[in-house]
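Take a look at the structure set out below.
Each reported figure results from applying straightforward, stated rules to the coordinates on display, with no laboratory input. Since this is a predicted model, take the numbers as computed values, not measurements. Every residue, glycine among them, receives a Cβ derived from its backbone with ideal geometry; neighbour counts consider all protein chains shown.
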Ligand SMILES: *Cc1c(COP(=O)(O)O)cnc(C)c1O
């Protein structure tokens, strides 16, 4: 039996396939672990039950909201992949963030977060946490002096995303880690956009990594899941809070996530290879006003991305020439590239923030402008289809503008 933990000597491709497969070491030696579709677990004797409950039998299971063998297998895979002690799975990325923040922050504590956050996270930090008596400062985390100036005696946590949605603004991780360590503050990053293949936050010194596993980790756009990854002492607190808030992932979805992750490395690299070709095609296209792609040196975050990531990834954003009407004609004209929010799946997805995630209903025109979101801005998550087909689809949609 291969044990793959954070000290493994295996590459990430091998880890995604072989880590977290303890479940296959059952009586019948299946090559693939069975899925434990069970809400509760029997105790062979009273003594067994007692040992599981008091922790002397750490391998035992009791009730599905606390733990399940399929969940544990996928958590082991995620921990090994990120190079951490432990991972804790949730029924969504938002359940993961809500559980993480409320596990560490209490009334009277102060938290610093970057001002550009995923919509649900932004709402959690500006409504839910303040309602609980937690003091929240949102600021530009890419400006380390601003972060330094915001630190108070009761600052417990710094939370940010990098790169941020949708303009792929970069936040430098190392200076935040250094500052936080000086002040004994925990750091957490939402690392969804790059995946563990392209960004290794724990190796830079971040304490806690969060992913919406809905995106690249699962990669097949067929489930919602989230994960928190880090040191055992921190994950014990997160797991306890998961028991209380109840945001557990379902076993079948944990199985599908583990299955999806087996191809994470080849998917991420294939999508990135396609994205570089698509970006080259778009860069000088007459219909494009401006392209934002981390792989090109005209992106303000390019240099930092080269240092912080092992590749530019497969997300890009572009502003079209013309009006909202032109943008709508272009998006409606696409045949293969799918109009949808979300990202990181095998299929190319395009989103038009001005009519969806950042519409007048969701975001004020001032905030939209501050975030650089114009009426013709598009976010493209490049998939792993044949790249010629992606480019052809874009070309025929441009012709309809
Ligand atoms: C999707 C997403 C989330 C939320 O995750 P869900 O799985 O949808 O709950 C959080 N952060 C980022 C960057 C995301 O893209």
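Placing R0 at 35 angstrom, the Cβ-Cβ distance between residue 240 and residue 323 gives a FRET efficiency of 0.10 after rounding to 0.05.
You can think of it this way: the chain between residue 386 and residue 298 has 29.0 nm of extra reach, that is 0.36 nm per residue less the Cα-Cα gap.
Look at the Cα gyration tensor of the stretch 228-303: its axes a ≥ b ≥ c give a/c of at least 1.5 with a/b over b/c, and that counts as prolate. Extension gain for residue 152-residue 338 works out to 62.4 nm (0.36 nm per residue, less the C-alpha to C-alpha distance).
If you build the Cα gyration tensor of the stretch 57-196 and take the root of 5 times each eigenvalue, what three semi-axes come out, in whole angstrom, biggest first?
So the three semi-axes of the stretch 57-196 are 28, 18, 15 Å.
Spread over its residues, the convex hull of the C-alpha atoms of the stretch 1-88 is 110 Å³ per residue. Site pair residue 361 and residue 281 shows an inter-label distance of 3.3 nm when each label is modelled 7 Å from Cα along Cα→Cβ. Take every pair of alpha-carbon atoms less than 8 Å apart whose residues are at least six positions apart; their mean separation over the length of the stretch 15-111 yields a relative contact order of 28 percent. Using the basic label-point model (7 angstrom from Cα toward the beta carbon), what is the residue 174 to residue 63 distance in nanometres? Here the answer is 4.8 nm between the modelled labels.
What angle, in degrees between 0 and 90 and rounded to the nearest 10, separates the Cα long axis of helix 69-82 from the longest principal axis of the Cα atoms of the chain? That works out to roughly 50 degrees. A Stokes-Einstein calculation at 4 °C with viscosity 1.567 mPa s, built on the Kirkwood radius of the chain over Cα pairs, returns a diffusion coefficient of 58 µm²/s. Taking the C-alpha atoms only, the angle from helix 264-283 to the longest principal axis of the chain is near 10 degrees. Remark: the Cα gyration tensor places the stretch 194-270 in the oblate category, a/c being 1.5 or greater and a/b not exceeding b/c. With R₀ set to 56 Å, the beta-carbon distance separating residue 7 from residue 127 gives a calculated FRET efficiency near 0.85. Averaging the sequence gap over all C-alpha pairs within less than 8 Å and six or more residues apart, then dividing by the number of residues, gives the chain a relative contact order of 16 percent.
With neighbour counts taken as other beta-carbon atoms within 10 Å, the residues 57, 114 rank, fewest first, as 57, 114.
Let a ≥ b ≥ c be the square roots of the eigenvalues of the Cα gyration tensor of the stretch 59-117; is it rounded (a/c under 1.5), or, if not, prolate (a/b larger than b/c) or oblate? Note, shape of the stretch 59-117 comes out prolate.
Averaging Cα coordinates gives a centre for the stretch 105-171 and one for the stretch 221-238; these two points are 19 Å apart. With N counted as the residues of the stretch 264-398, its alpha-carbon radius of gyration over 2.2 N^0.38 Å works out to 1.02.
Full extension of the chain between residue 22 and residue 54 gives 9.2 nm of extra length, using 0.36 nm per residue less the Cα-Cα distance.
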